[in-house]
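What follows is a set of notes on a single structure, which appears directly below.
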Amino acid sequence: MLKGLSGKSIVVTGAGGEIGAATCRRLSAEGARVVAADIDISRAEATVAQLQGDAVALVADVSTQQGAAACVAAAVDAFGRLDAFHVNAGVEGRSHLVADFDVAVYEQVFAVNVRGSFLCASAALRQLLAQGDGGSVLFTSSLASLMGSPANAVYVASKHAVHGLARSLAREVPVGIRINALAPGPVDTRMMRSLERSMGSLDGSGEAARRATLEAAIPLKRYASADEVAATAAWILSDEVPYVHGETITLGGGRTP
Ligand SMILES: NC(=O)c1ccc[n+]([C@@H]2O[C@H](COP(=O)([O-])OP(=O)(O)OC[C@H]3O[C@@H](n4cnc5c(N)ncnc54)[C@H](O)[C@@H]3O)[C@@H](O)[C@H]2O)c1
């Protein structure tokens with residue numbers, strides 16, 4: 001068991017997605033009490049149905065102030081307090097060249113990945129500061145927060161913004177509140193399958209060839225699993241690593257920016 005997770009009240013956004021669901025399962029197995037928040041309530045409920053301990057499903061659109069505030073309120077209502085907030089909800093948009101700019105993709109990706117991260121962090125920190133006894137905010141950023149990628153400039157730029165937000169908050173919060181980012185490379189989830197499709201159709205290579213190219217560029221020659229990301233998230237949120245603060249932990253299977 002990881003130290004310090006038992007009984008903790010933790011919000012996970014994007015909890016209906018594969019990384020979010022895996023993180024809820026892992027945190028719950030470690031004894032944490034979980035608010036599983038997603039814009040799609042049926043997916044959040046499906047995640048909660050997999051958990052043994054205290055957990056609530058919440059419908060919340062993190063790109064709105066009300067949605068972010070509802071995540072914190074749900075933790076306080078259900079469990080009396082907030083100990084940690086995993087800012088995980090994200091969208092990939094669609095691969096396209098900047099020259100063929102699609103403002104609708106930009107607006108959607110920035111609304112969820114950047115405004116959503118900002119609003120959730122802000123709501124979480126208001127609660128943690130009011131409680132006055134520490135806590136943790138963890139962002140799921142991406143290796144894309146640290147490097148460029150052709151045909152995915154909008155997603156990449158949004159994750160660079162998350163990186164900047166996390167780094168700045170780490171220097172802004174009082175001692176006791178830990179801020180970190182987890183930056184996976186490709187993870188075997190719906191999001192990568194969507195990106196393989198859109199990248200594969202953009203350059204005509206097809207999705208299977210795109211995946212093969214992406215995997216070949218990873219020293220471990222495979223994507224991460226959602227469970228591997230979840231295990232790393234739980235470790236960062238636990239008391240095993242109190243000195244991990246202001247860090248971006250990459251999880252690239254040997255691929256470095
Ligand atoms: N899959 C990868 O390869 C990969 C790699 C690095 C980082 N990430 C990041 O990990 C996070 C989770 O991705 P995933 O692979 O599990 O994707 P996913 O698509 O499986 O899950 C994302 C979840 O977020 C939810 N969501 C979308 N918009 C929302 C909103 N406005 N409010 C609340 N919930 C919303 C979706 O309903 C979905 O359940 C994202 O931030 C993503 O950018 C993913």
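Every read-out reported here was derived from the displayed coordinates using simple, explicitly stated rules and does not represent laboratory data. In this text the structure is predicted, and so the values were computed from the model without any measurement. Glycine gets a Cβ as well: all are built from the backbone with ideal geometry, and neighbour counts include every protein chain shown.
Selection over the stretch 39-72 of residues that are more than 12 Å from the ligand (Cβ to nearest atom), under 23 Å from ASN113 (Cα atoms) and loosely packed, with under 15 Cβ neighbours inside 10 Å gives a count of 1.
For residues that are β-branched (Val, Ile, Thr) and either within 10 Å of the ligand (Cβ to nearest atom) or surrounded by fewer than 21 Cβ atoms within 10 Å (Cβ to Cβ) (or both), tally how many sit in the stretch 178-203.
Selection size over the stretch 178-203: 2.
Number of residues in the stretch 32-89 that are part of a helix (DSSP H, G or I), within 21 Å of GLY7 (Cα to Cα) and among the small types (Gly, Ala, Ser) equals 6. Taken over the stretch 115-133, the residue count meeting the criterion of being among the small types (Gly, Ala, Ser) and in a loop (DSSP other than H, G, I, E, B) is 1. For the stretch 108-163, the set of residues classified as near the ligand (Cβ under 10 Å from one of its atoms), buried (at least 23 other Cβ atoms within 10 Å of the Cβ) and farther than 27 Å from GLY176 by Cα consists of ALA144, TYR155, SER158, listed by residue number. Of all residues in the stretch 1-31, those satisfying the criterion of being under 18 Å from PHE139 (Cα atoms) and in a loop (DSSP other than H, G, I, E, B) are LEU5, LYS8, GLY14, ALA15, GLY16, GLY17. Filtering the stretch 226-243 to residues that are surrounded by 13 or more Cβ atoms within 10 Å (Cβ to Cβ) and free of Cβ contacts under 8 Å to residues at least 60 places away in the same chain leaves GLU228, THR232, VAL241.
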